[in-house]
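Here is the structure we will look at.
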Amino acid sequence: MIFNRLPRPALTPRLIEGAILLIAVVVRFWRLGYHSVWFDEAISLKWAGYDIGYTWATTFALVQDKHPPVYYVALGLWQDLLAWMGLDHSDSALRALGSALGVLTVWGMLRLTTALSGRATGYLTSLLVALSPLLTWYSQELRMFQPATTGLVWGAVALWQAWQAARPLARFGWWLLMIIAIEAALYSYLFSAFLLPAAGLTLLVLFWRDRDLRRFLEGCLALLVTGLLFLPLARNAWSVNEAESTPGQAFADFGANLLRLLHIDTIWRVDWPQPWINAALLLFALLLLLGLLLPWRKATSQPRLDQPWLWLWIGIPLLIANLLLARSGSIFAEDRYLLFMAPFVLWGIARGATALGSWRQPFGWAGGLLSVLVLLAALPPLWTPARVRESWRSAADYISTYTAASPNLPTSVVTHVAYTYDALAWYLRQAYDEDTLPIFALFNGTLTEADIDTVVAPPLNGIVDFGSATLWLTQSHLEGVDDQRVVEGWLNRNFPLITEQYPAGIKLTGYILQGRMAQPPTLGPTARQLDVELQPGLRLAACEIMTPMVSARDEFMHPPSGWVHMRLWWQATAPLLTDYTATAKVIGPEGVWGDKLPRDTESLRMWPTSTWTVGEFVRDELDINLNPLTPAATYPVVIGVADALGQPIGETVECGQVTIR
């Protein structure tokens, strides 16, 4: 049989390597569209959308953006390619670039660690990198951190391969790849420079072992070229950082930062009980220490270089980062800042398990298997509501759905902090142009109560004069801009509330700008004309169920329960001496499954019925909060009236039906 003639020793490694790469593909391409494009990703898309020359020149200066241009240019070219297939606005298709680079990272670590530490360590390392929650998350994000990591990993691979290659032409090709890969990383993410000294010291270690002067000089020349090409950007980075950074203290909180980095590089965002987290971190810490310190049981004729490599590619970035704390106290501020260390930390953990196995095989197997299982268990939380990124998609979907159901009530949208405009516009622009749905980016700087009349009120009043009947305010990243919530407070004092929604990282608030009118606009097809007098002189002219189908549970906009949104049209047919408010319920045979959410700024409180002019129509909007246990069925929505004390009075009327999923 032909299968009996296949070289099994060669076939088995290929199958294992293929399986590991397949796992990396599945994990990184899994649910690529689950998370919304968030603020930082919108910034990437903004720069990617500009002309390449403008993006390069502007971001190279590091003034308008703190990241250099290569990733933005690559993303722009990728988006242009997708445009040929009509996928240039697909979140999943755009993120596929990062996912593919994430798989390349796994492949690079597989090659590097197999060559330096043997197949067992190479397989375990690449499997851990494939299952890494941190690396998976940033492979699925439109940012430069994972792409820079890919460049650094392949820079390391090329360094090793260049040193090993026998033919000069092959060495030249690998040195050239090293320059390109590391330079791409440097020109995508500045902290990549932390590994440049590690590469130089690795070259010295290789020379010390092999005493090959020719290869050493070739490597020195390649690193010199890399450094010279990086020098103009490094100069810009140093001057900008000097002007804007806040100094800290070198090696401040050293132990805490080490533990935090280990947590980030392994189980990262798990929400397990603390004893489980502690146990997992203890496992990884012990294996990492063993990987850095424990020799192989069986010595080889030539000393292995994996331990010196690990010490350099983990230790040098840590040393530089801690020294630079004296210049900038934010080095360890974000989980992603030292992302490029994660593959090498996981290599150290894998080496610890396999080195332990060379002394006590059962312990080695147990350590490796536990490491894989722990990372595997830490992956699923990445795609849960608790880990949803800023959900601008959800905010835009809500605005779009509401606007589509209100064609005769012109709508405007305000992104409170001006620089969050791009994130919301990324989704709204797919359905509307500026004439159909105006979006305004209004405020920057710092707002206080003293700015109400001069800074806040004029542009908002301008939107009223623009003719909008509805305004949607999106608020995110308010820290340092509007800590006192001045803009929201002004709107709350002047206009009735439509609803408040809370997609992840955002507050979405709707306001009625035009709500008292001689005649209501033409109502939509789902509106019910009622013409019912619920109290003497108080007529409910019509009602609209704006969300005719709702889930009983809501995990994204306002957990835990779904809300039914209603629009009512009231009319005073005679002078009203009492102030009334509306009641609204979802009622089933078992009783009430949903009740109105009371709000101080609803229409009938902002515009008390006793102030109405006879004959005018008043627009009223409200939410009915559902019981999360509401059985799936279709239920009537019942509208009534309450007195000034909030007590229901008089008759009620069915407004329509809502289907609960």
By count of other Cβ within 10 Å, fewest leading, how are His565, His416 ordered?
His565, His416
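How much net charge surrounds Thr611 when only the other residues with a Cβ under 13 Å from the Cβ of Thr611 are counted, with Lys and Arg +1 and Asp and Glu -1?
So the environment of Thr611 carries a net charge of 0.
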Taking only the alpha carbons of the stretch 326-439, the radius of gyration and the largest Cα-Cα distance, Dmax, both in angstrom, are 24.2, 77
Dipole moment magnitude, nearest 20 debye, the chain about Cα centre, only Lys, Arg, Asp, Glu C-beta charged:
4100
For the stretch 28-83 and the stretch 583-617, what is the centre-to-centre distance using only Cα atoms, to the nearest Å?
47
Residue (of Gln361, Thr420, Val455) at the positive-pole extreme of the chain, dipole from beta-carbon charges:
Gln361
Defining a contact as two alpha carbons under 8 Å apart and six or more residues distant in sequence, what relative contact order in percent does the stretch 535-661 show?
32
Lone Cys, the chain, Cβ cut-off 4.7 Å -> Cys220
Just to confirm the number: angle between the C-alpha axis of helix 196-210 and the first principal axis of the chain, 0 to 90 degrees, nearest 10?
20
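Please order Val372, Val103 by the number of other Cβ within 10 Å, starting at the fewest.
Ascending Cβ contact count within 10 Å gives the list Val372, Val103.
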Relative to the longest principal axis of the chain, what angle (0 to 90°, nearest 10) does the C-alpha long axis of helix 274-293 take?
20
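Only helical DSSP H runs with n ≥ 4 go in: add -39500 (n - 2.57) per run for the chain, normalise by residue count and round the 222 nm mean residue ellipticity to 500 deg cm²/dmol.
Values: 22 runs with 323 residues, N = 661.
Roughly -16000 deg cm²/dmol at 222 nm, from the helical runs in the chain.
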The chain: relative contact order from alpha carbon pairs under 8 Å, six or more residues apart, as a whole percent, is 10
Using only the C-alpha atoms of the chain, find the volume of their convex hull and express it per residue in Å³.
218
Of the beta bridges DSSP finds with both residues in the stretch 392-514, what % are antiparallel, to the nearest 5?
55
Rounded to the nearest 5, the percent of antiparallel DSSP beta bridges in the chain equals 85
Eight or more residues apart or on different chains, and alpha-carbon atoms under 30 Å: count the Lys pairs in the chain matching that.
6
A correct fewest-to-most ranking of Ile506, Ile23, Ile314 by other Cβ atoms within 10 Å would be Ile23, Ile314, Ile506
Of Gly76, Tyr123, Leu626, which is farthest towards the positive pole of the chain's charge dipole, taken about the Cα centre with +1 and -1 on the beta-carbons of Lys, Arg and Asp, Glu respectively?
Tyr123
Tell me the net charge near Arg260. Cut-off is 10 Å between Cβ atoms, Arg260 excluded, with +1 for each Lys or Arg and -1 for each Asp or Glu.
-3
Place a +1 charge on the Cβ of each Lys and Arg in the stretch 392-514 and a -1 charge on the Cβ of each Asp and Glu, then give the dipole magnitude about the Cα centre in debye, rounded to the nearest 20.
300
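Quick note: the coordinates plus some simple rules give every number you see, no bench work behind them. Note that the coordinates shown come from a computational prediction; the quantities given were computed from them, not determined experimentally. We place every Cβ from the backbone using ideal geometry, glycine too, and count neighbours over all the protein chains shown.
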